[in-house]
Structure formats: structure tokens, C-alpha cells
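Notes follow the structure.
The values are calculated or read from the model by the stated rules, or taken from the named source; none is laboratory data. As the structure is a computational prediction, the values presented were derived from the model and not from experiment. Methodologically, a virtual Cβ is constructed for each residue, glycine included, from the backbone with ideal geometry; neighbour enumeration extends over all protein chains shown.
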């Protein structure tokens, strides 16, 4: 059973916590959960903004934050991370020796 799960994962699954996409998804989940458990939190954050800044931001932005975060995570997942590629290349080089 465990081997079957490992076969489903990509080769770099051990580095999941280094991926920017995972970090953005975690932020999105945190914010979404925070709002679910404390709906007044959005109002509290909104009131903390300086008035000139708050007047520039339309109310619909609050509803779009989670969508934007998940789209950003998708874009990050499709983008190469140079540090991770260097790490992967170093591992492959060590295995070839």
C-alpha cells in the first residue's frame, strides 16, 4: 500500500516544503480558515488599513484574495525554482559517481 502511494508521487516529493507553490497554498488555506473561524477578522484587518488606502481598494478584492492566491500558486508551480533545480542536479551528480 505504501509503495503504491510512493509510485503516485513525483520524483521530488521529498522537497514539497521547499516549493513556493506549496507555501502560497498554505497561506491561502490559512487565510481562508481564519476567515471561516473568525469572520470579523476581515473587518478588523480592513479597519486597520489607513483610510486613503482602504478607499482605493474595492470591496470585491476581499472575496478574490483566495482565488488570486491559488492562481499564483499554480503559476509558481509551473515556474522553475533555480535553487531547487541546482539541488536536484547536485543529487543526480552524486548518484552518477
Item to complete: Kindly provide the set of residues from the range 59-79 that are surrounded by 14 or more Cβ atoms within 10 Å (Cβ to Cβ) and either under 13 Å from residue 23 (Cβ atoms) or in contact (Cβ under 8 Å) with a residue 40 or more places away in the chain (or both), ordered by number.
Response: 69, 70, 72, 73, 76, 77
Worksheet, complete the sentence: Taking the range 2-37 and keeping residues closer than 19 Å to residue 76 by Cβ, assigned to a helix (DSSP H, G or I) and modelled with pLDDT under 75 leaves 13
